[in-house]
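Following: one structure in structure tokens, then a few remarks.
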Amino acid sequence: MGLAAASGSESVMKTRPKIALFQCQWCLYSESDQDWVDHQLPPSIHLIKTSCTGRINPLYILNAIQGGVDGIVISGCLPEKCHYKEGNLSAVRQHEAFLGLLDYIGYERERVRFLWLDLQDRGRIQRELADFEVFLEELQPTNTLATRVSETIGGLNG
Amino acid sequence: MAELVSELRTQIERLLADQSIDVFIAFKKADSPLRPQPAFFRSGDALTDLEYNSLCQNNLGNYLTRYPNETRIGMVVRGCESRTVNALLVEKQHIRENLTLIGVPCHGIVDIKKIIEHYGEEITGYSENQTDITIILQGKEHTLPREELLHDSCLRCLHPNPVNADILIGDPLPEGDPSLVRKKVDSFEALSRDDRYNWFKQEAERCIRCYACREACPMCYCTECFVDFNQPRWTESSISPAGTHAWHIIRAFHQAGRCTSCGACERACPVDIKMTYLTDKLNEDILEIYNFETGMNDETQPPFAAFNMDDKKRFVA
């Protein structure tokens, strides 16, 4: 199922996995990709745009999980390409350890994916999101750590 | 052990008399012999109250951050406390020149909950040697083996000797066995995913959010903790599952590469949550990936602050 084909219809929307996309605002080098992320994301993908992957506190990831997303994508720049020189280096150390901890207490770490984008990766984010969606559909839905799903304030639902 | 206290007293008296320190942080006698309290000695006269034995539960590193850098502090440190002091020095919470550390190789902290469980609170006397402890209950003496009463995190202690003491009282002890820590983490990891989550859920949801673990932890020195923010509110502040889960996960994660496994958090917990399985896992990971152990010296930055371009291989595109 392609991403572009499925947007809009209510019945399709409900069955699609919810994804939180944490995007570093500098990581999409192509204007058309950024435009697609900004304006044409399907409703099942929630965009959280940050100034750098280093700005993403692991607490944000946990909040997204507690809010009931099925998967998380963190997209950022490769080393030496960081707009702030070393934000992504700090991010990768923290998030790896954090995912290790989440896995330890029973959350499937495959539900969080990193996407390190390079200059020539035009259009890759759409393919990767579609891939991830298929991957999440195959995984069993989980309630692990999704403790705030029924709430409308603060969660990512609604 | 009485010699230890008298030697400690002599040393503190000397330090206070020649004015090389402003304050000495140690323990003093309290109403119950089971509960010595942290004490701050500014003159030699108060030292009659000095107490030091295996019942001293607190990690004194906790009080280091409450003084300005200019204050010349003396402190009695065990193995874990000395590593805590190093970790705080790395984070520029004090100046090494303004610290005088009296080191005591530690035979392990006795868990008073284990004594109270069997003998109640009405204990009127306490003494100890290296292998046994003796309590006096209703005029009768009971001798108990120390091994059985040690706190869980002391049973798997790796470094009982202070690493940075200026003055060492007593003989150094043999190092601990690293496989004991590994065994605990491994046995939890061997459980199924559901079992691990259920265990975490059950333990976390017993939490009453008193934050005693935070107050007891020397590394939790932020003036405003993430759970205390209400603008924005990062997590729920109530004892809802979402709030307690987030508190347990993020509190442990903030200790990654900073925790010295002293176990002060567990000793402080009023509802007996054994939360060190989280920090122990992070410590094991950090040791495995970065070969870093917290507080072994006062220079090496913790891994989250020491990233560099060598991390390139971690970026799997």
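Quick one: in region B:290-312, of everything that is in contact with a Lys or Arg (Cβ under 9 Å, 6 or more places away or on another chain), among the hydrophobic types (A, V, I, L, M, F, W, C) and within 9 Å of chain A (Cβ to nearest Cβ), which residue is surrounded by the most Cβ atoms within 10 Å (Cβ to Cβ)? Let's see the steps before the verdict.
Of all residues in region B:290-312, those in contact with a Lys or Arg (Cβ under 9 Å, 6 or more places away or on another chain) come to B:290, B:293-296, B:298, B:302-304, B:306-307, B:311.
Now narrow it down to the ones that are among the hydrophobic types (A, V, I, L, M, F, W, C): B:296, B:304, B:306-307.
Narrowing the set further to residues that are within 9 Å of chain A (Cβ to nearest Cβ) leaves B:304, B:306-307.
On the way: B:F304: 16, B:A306: 14, B:F307: 21.
Among them, the one singled out is B:F307.
Considering (1) surrounded by fewer than 21 Cβ atoms within 10 Å (Cβ to Cβ); (2) of a type in the set (K, R); (3) touching a Ser or Thr at 6+ places or on another chain (Cβ under 8 Å), say which one B:R83 fails and leave the rest.
(1)
Given the options B:N53, B:N69, name the one that is touching a helix residue (DSSP H, G or I) at 6+ places or on another chain (Cβ under 7 Å) and either more than 11 Å from B:F24 (Cα to Cα) or in a helix (DSSP H, G or I) (or both).
B:N69
Quick one: B:E147 ticks every box in (1) in contact (Cβ under 8 Å) with a residue 24 or more places away in the chain; (2) more than 14 Å from the chain's Cα centre (by Cα) bar one, so which box is it?
Status for B:E147: all satisfied but (1).
For A:E86, all conditions in the list (1) in contact with a strand residue (DSSP E or B) (Cβ under 6 Å, 6 or more places away or on another chain); (2) within 7 Å of chain B (Cβ to nearest Cβ) hold save one; what is the number of the exception?
(1) is the only condition that A:E86 fails.
Restricting to region B:261-289, name every residue that is part of a helix (DSSP H, G or I), of a type outside the set (S, T, Y), closer than 23 Å to B:K201 by Cβ and within 13 Å of another protein chain (Cβ to nearest Cβ).
Listed by number, the residues that qualify are B:L278, B:D280, B:K281, B:L282, B:N283, B:E284, B:D285.
Of the residues A:G100, A:G76, A:G106, which single one is free of Cβ contacts under 8 Å to residues at least 60 places away in the same chain, under 22 Å from B:A306 (Cα atoms) and more than 12 Å from the chain's Cα centre (by Cα)? Spell out the reasoning first.
Values: A:G76 fails: more than 12 Å from the chain's Cα centre (by Cα); A:G106 fails: under 22 Å from B:A306 (Cα atoms).
Among A:G100, A:G76, A:G106, only A:G100 is free of Cβ contacts under 8 Å to residues at least 60 places away in the same chain, under 22 Å from B:A306 (Cα atoms) and more than 12 Å from the chain's Cα centre (by Cα).
Can you go through B:R83, B:R72, B:R66 and tell me which one is over 18 Å from B:I169 (Cα atoms), at pLDDT 95 or above and basic (K, R)? Lay out the reasoning, then the answer.
Working: B:R83 fails: over 18 Å from B:I169 (Cα atoms); B:R66 fails: at pLDDT 95 or above.
It is B:R72.
Within region B:10-45, track down each residue that is closer than 15 Å to B:G74 by Cα, in a helix (DSSP H, G or I) and over 23 Å from the mean Cα position of the chain (by Cα).
Across region B:10-45, the qualifying residues are B:T10, B:Q11, B:E13, B:R14, B:L15, B:L16, B:A17, B:G44.
For the structure I just gave you, tell me whether B:R196 is crowded, with 18+ Cβ neighbours inside 10 Å and within 14 Å of chain A (Cβ to nearest Cβ).
yes
What's the number of the only condition in (1) without any contact (Cβ under 8 Å) to a residue 24 or more places away in the chain; (2) under 19 Å from B:T84 (Cβ atoms); (3) out of contact with any Cys (no Cβ under 7 Å at 6 or more places or on another chain) that B:A165 fails to meet?
All conditions are met except number (1).
Which one of these does B:E175 not meet: (1) touching a His at 6+ places or on another chain (Cβ under 7 Å); (2) surrounded by 17 or more Cβ atoms within 10 Å (Cβ to Cβ)?
Checking B:E175 against (1) touching a His at 6+ places or on another chain (Cβ under 7 Å); (2) surrounded by 17 or more Cβ atoms within 10 Å (Cβ to Cβ), the one that fails is (2).
Quick one: which of B:A46, B:A30 is among the aliphatic types (A, V, I, L, M), in contact with a strand residue (DSSP E or B) (Cβ under 6 Å, 6 or more places away or on another chain) and at pLDDT below 95?
Working: B:A46 fails: in contact with a strand residue (DSSP E or B) (Cβ under 6 Å, 6 or more places away or on another chain).
Unique residue meeting the criteria: B:A30.
Which residue out of B:F188, B:F200, B:F226 is assigned to a loop (DSSP other than H, G, I, E, B) and in contact with a helix residue (DSSP H, G or I) (Cβ under 8 Å, 6 or more places away or on another chain)?
After applying the criteria, what remains is B:F226.
Which residue, of B:G170, B:G108, is on the phi > 0 side of the Ramachandran plot, in a loop (DSSP other than H, G, I, E, B) and either in contact with a helix residue (DSSP H, G or I) (Cβ under 6 Å, 6 or more places away or on another chain) or crowded, with 20+ Cβ neighbours inside 10 Å (or both)?
B:G108
Would you confirm whether or not region B:72-83 contains a residue that is hydroxyl-bearing (S, T, Y) and over 18 Å from B:S153 (Cα atoms)?
no
Being in contact with a Pro (Cβ under 6 Å, 6 or more places away or on another chain) and acidic (D, E) is the filter here, so list the residues in region B:1-53 that pass it.
B:E51 - this is the single residue of region B:1-53 that is in contact with a Pro (Cβ under 6 Å, 6 or more places away or on another chain) and acidic (D, E).
The values are calculated or read from the model by the stated rules, or taken from the named source; none is laboratory data. What you see is a predicted model, and the numbers here were worked out from it, not measured in a lab. So basically every Cβ, Gly included, is an ideal-geometry build from the backbone, and we count neighbours across all protein chains shown.
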